[in-house]
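**Q** Sharing a structure with you now.
The values are calculated or read from the model by the stated rules, or taken from the named source; none is laboratory data. Model, not experiment: these values are computed from the prediction. Don't worry about glycine lacking a Cβ; one is built from the backbone with ideal geometry, like all the others, and counts go over all protein chains shown.
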Amino acid sequence: MNAPKRLEDALSKLYTAFHNNTLNPECCLQCAVGNICDNTDRWKHFSDAHGSLHLNYVGLVHQRLGRSINGYTPQQLLKIEAVFLQGCGFSVPLKRDGKKPKSPTSKETLFKGLCAVVEFMCKLDTVENVMDYTKLFETGKRSKKILTSA
């Protein structure tokens, strides 16, 4: 994969968390961004609600100063987390009475969230989606035509 270091590092952390059962969308230390930020909660201070896309005062200051955590700006981190939560089946920002999957930490739920966040992070770095398996089944012009006309 020819990807920026920040993307490779983030994907490695997410992969490890998924397989070590240390990925939890409802925990700011173990969610997608919590894992990307080395299982710290530094990022949660950029917003007033988990899953919100709105930077608070602290987040705006860090954003305007050009600061980042592991290569991602505060705004990018909030968007990554929102995409992950939505992919898992949550409504964002998280609220007690908001939409929530039946089993938030099931492998199926987490995999859906990971697929969404990996696709988003690849777009962010203008890299082809590393989770896109359709190219594996292409064998020539005919296969491409079938895939695009379906």
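**Q** Give just the number: which of (1) over 16 Å from the mean Cα position of the chain (by Cα); (2) more than 25 Å from PRO4 (Cα to Cα); (3) not in a loop (DSSP other than H, G, I, E, B) does LYS95 not satisfy?
**A** (3)
**Q** PHE84: buried (at least 17 other Cβ atoms within 10 Å of the Cβ) and in a helix (DSSP H, G or I), yes or no?
**A** It is true that PHE84 is buried (at least 17 other Cβ atoms within 10 Å of the Cβ) and in a helix (DSSP H, G or I).
Residue by residue, here is whether (1) among the small types (Gly, Ala, Ser); (2) in a loop (DSSP other than H, G, I, E, B); (3) closer than 23 Å to CYS122 by Cβ holds:
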{"residue": "THR22", "(1), (2), (3)": "no, yes, yes"}
{"residue": "VAL33", "(1), (2), (3)": "no, no, yes"}
{"residue": "LYS44", "(1), (2), (3)": "no, no, no"}
{"residue": "ARG67", "(1), (2), (3)": "no, yes, no"}
{"residue": "GLN75", "(1), (2), (3)": "no, no, yes"}
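**Q** For residues that are closer than 17 Å to LEU7 by Cβ and in contact with a Lys or Arg (Cβ under 8 Å, 6 or more places away or on another chain), tally how many sit in segment 28-47.
**A** Looking only at that region, the number is 3.
**Q** What number of residues in segment 1-35 are crowded, with 20+ Cβ neighbours inside 10 Å, under 19 Å from MET131 (Cα atoms) and of a type in the set (Gly, Ala, Ser)?
**A** 3
**Q** Return the pair list, or none, for Cβ contacts closer than 7 Å from residues in segment 27-50 that are touching a residue at least 12 places away in the same chain (Cβ under 8 Å) to residues that are part of a loop (DSSP other than H, G, I, E, B) and crowded, with 21+ Cβ neighbours inside 10 Å, at least 6 apart or on different chains.
**A** CYS28/HIS50; GLN30/LEU23; CYS31/PRO25; ASN35/LEU23; TRP43/CYS37; LYS44/HIS50
**Q** For VAL117, indicate whether it is closer than 22 Å to LEU78 by Cα, buried (at least 18 other Cβ atoms within 10 Å of the Cβ) and either under 15 Å from the mean Cα position of the chain (by Cα) or at pLDDT 90 or above (or both). It would help to see each step written out before you state the result.
**A** Numbers: closer than 22 Å to LEU78 by Cα: yes; buried (at least 18 other Cβ atoms within 10 Å of the Cβ): yes; either under 15 Å from the mean Cα position of the chain (by Cα) or at pLDDT 90 or above (or both): yes.
Taking the combined requirement at face value, the residue satisfies it.
**Q** From the list GLN63, GLN30, GLN76, pick out the single residue that is at pLDDT 95 or above, among the polar types (S, T, N, Q) and more than 24 Å from SER91 (Cβ to Cβ).
**A** GLN63
**Q** Just checking, which of LYS107, LYS123, LYS99, LYS112 is surrounded by fewer than 18 Cβ atoms within 10 Å (Cβ to Cβ), modelled with pLDDT of 95 or more and in contact with a Phe, Trp or Tyr (Cβ under 7 Å, 6 or more places away or on another chain)?
**A** Sole residue among the options that is surrounded by fewer than 18 Cβ atoms within 10 Å (Cβ to Cβ), modelled with pLDDT of 95 or more and in contact with a Phe, Trp or Tyr (Cβ under 7 Å, 6 or more places away or on another chain): LYS99.
**Q** Anything in segment 1-20 that is outside any helix (DSSP H, G or I) and touching a residue at least 24 places away in the same chain (Cβ under 8 Å)? List them, or say none.
**A** Passing the criteria: MET1, ASN2, ALA3, PRO4.
**Q** Does segment 41-53 contain any residue that is of a type in the set (Asp, Glu), over 23 Å from ASN21 (Cα atoms), at pLDDT 95 or above and more than 11 Å from the chain's Cα centre (by Cα)?
**A** Yes.
**Q** Kindly indicate whether LYS141 is at pLDDT 95 or above, of a type in the set (D, E, K, R), out of contact with any helix residue (DSSP H, G or I) (no Cβ under 7 Å at 6 or more places or on another chain) and farther than 19 Å from SER12 by Cα.
**A** No: the conditions fail for LYS141.
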